[in-house]
1. How high is the relative contact order of the chain, given as a whole-number percent (alpha carbon pairs under 8 Å, six or more residues apart)?
2. Run through the stretch 339-423 and list the chymotrypsin sites (Phe, Trp or Tyr not before Pro) located in a DSSP loop whose Cβ has at most 14 other Cβ atoms within 10 Å.
3. If you add up the charges near ASP55, with Lys and Arg at +1 and Asp and Glu at -1, over every other residue whose beta carbon is less than 13 angstrom from its beta carbon, what do you get?
4. Can you return the lysines within cross-link range of LYS77? Criterion is Cα-Cα under 29 Å, with same-chain partners fewer than 8 residues away left out.
5. At 1.4 Å probe size, with every protein chain present, just tell me what the per residue accessible area of the chain comes to in Å².
6. Roughly speaking, to the nearest percent, how much of the chain's 1.4 Å accessible area is carbon and sulfur?
7. Rounded to whole Hz and in sequence order, give me ³J(HN,Hα) for the stretch 169-178 from the Karplus expression 6.51 cos²θ - 1.76 cosθ + 1.60, θ = phi - 60°, writing x for Gly and Pro.
8. Assuming a ≥ b ≥ c are the square roots of the Cα gyration tensor eigenvalues, decide whether the stretch 169-269 counts as rounded (a/c under 1.5), prolate (otherwise, with a/b larger than b/c) or oblate.
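The values are calculated or read from the model by the stated rules, or taken from the named source; none is laboratory data. If you're wondering where the values come from, they're calculated on a predicted model, not measured in any experiment. In this analysis, Cβ positions are derived from the backbone assuming ideal geometry, glycine residues included, and neighbour counts consider all displayed protein chains. These area figures cover heavy atoms from the full protein model, side chains too; ligands, DNA and RNA do not enter into them. Shrake-Rupley method; radii C 1.70, N 1.55, O 1.52, S 1.80 Å.
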Amino acid sequence: MPTSRIPLEQELNPWVAAEARFNEAALRLGLNDGLCKVLRTPAREITVNIPVQLDDGRLEVFTGYRVQHSIARGPAKGGVRFAPDVTLDEVRALAAWMTWKCAVVNIPFGGGKGGVICNPQVLSEAELERITRRYTAEILPFIGPEVDVPAPDMNTNEQIMAWIMDTYSMHVRQTTTAVVTGKPLALGGSRGRPEATGRGCLFVTREALKRLGLPVEGSRVVIQGFGNVGSMSAKLMAREGFKIVAVIEVDGAIYNSNGLDIPELLKHRKTTGSITGFAGAEAIDPAEALFLECEVLLPGAKENVITSQNAGRIRTRALCEGANGPTTALADHILASQGVFVIPDILANAGGVTVSYFEWVQDRQGYFWNEQLVNERLEEIMVNSFRDVVGYVDKHGVNNRIAAYMLALDRVASVIKLRGIYA
Ligand code: GLU
């Protein structure tokens, strides 16, 4: 279905968003129907219903998913998210985006994603551990260093990765660090992994500004979402000379036209648990903050932040998609007509999975790199991938997002053609 005819009520379904971009890129590449079917259809979708005892003694059943979209280029790779509103369509789209993301940065992985429907805000640490371990036990036959390698995503962290690693290792009766990435350093994690997505955003934003003929120094940045991706991007970009003028969170937004002091803001958030009330800024309406005039807008949290309803009001030169799927397919067209330079999610936030790849390589080698080496190799991959995408823009006359999809589809399709279809 052409993007312009997607009914409004479907606009917010991430799988519809992923399909719309896939279809456009496949059409441009002239891929045949059969190959398109193979490329778009998830290879495996696992649903598990996991009984977990809560701290008060009650038994609860949680539903979890693991979707392996593609294993053509290597093991499935992608995070696991914990959230009350996780859906199979969302996990499916996120898994597909991992396939395209790993192909854009040319690392030897397919794409996967997991999710558990639960509300981490009301769960104790012990309950989270039991959910994680039982979820891992249920998907255990389908994961492994050569099969499918989970990682952190929304509401999951190093500790949860440590529990996944331990549960898997107990079952296979040997410590298997490479089964999961984003682990604590002491358990085979990689230096630079916590900052990797933000650092990747910094590298591609720098390239984008070069292409737009804008300086880094003093360029105004608005950050939406101050979790791992948003806060690390803010910290690293501020250090580089960008001016972080606003941060938007669920419970409020703050603004300082001279640039926020990000290290101080991080301290404030650590002590108070919120960005609101920060002395070095004024409070602004979070619903309006997205429309501030700026050089860079960086959505760093959830899907569907920029939709057909609000895209017309966006006033940025560049959009760096730190989150997965922050822009709907309908909004793409509006942003394009406004001349916004979009750095699409499957490129912009690929720094995380790239350093996950480094972590997996280090675990398998049993030899660990220093942070400088990690960061240098990340920079090389991000800058080269940016250039590869822009190369497709120039060659095919498409927008950045469709170019990134075309590059990814080309890479995955060529591997499938070489491997052939096993029968
Ligand atoms: N969850 C992150 C993403 O969406 C990282 C995935 C990974 O490192 O495997 O890219």
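1. 17
2. Working: sites: PHE341, TYR357, PHE358, TRP360, TYR367, PHE368, TRP369, PHE386, TYR392, TYR405, TYR422; in loops: TYR367, PHE368, TRP369, TYR422.
Here the sparse-neighbourhood loop sites are TYR367, TYR422.
3. Numbers: positive: ARG58, ARG130; negative: ASP56, GLU60, GLU125, GLU127, GLU129.
Charge balance near ASP55 sits at -3.
4. Once the sequence-local lysines are set aside, what remains near LYS77 is LYS37, LYS101, LYS113, LYS183, LYS235, LYS302, LYS417.
5. 41
6. It is 50 percent, rounded to a whole number.
7. 4, 4, 5, 8, 6, 7, 5, 10, 5, 6
8. In terms of gyration-tensor shape, prolate.
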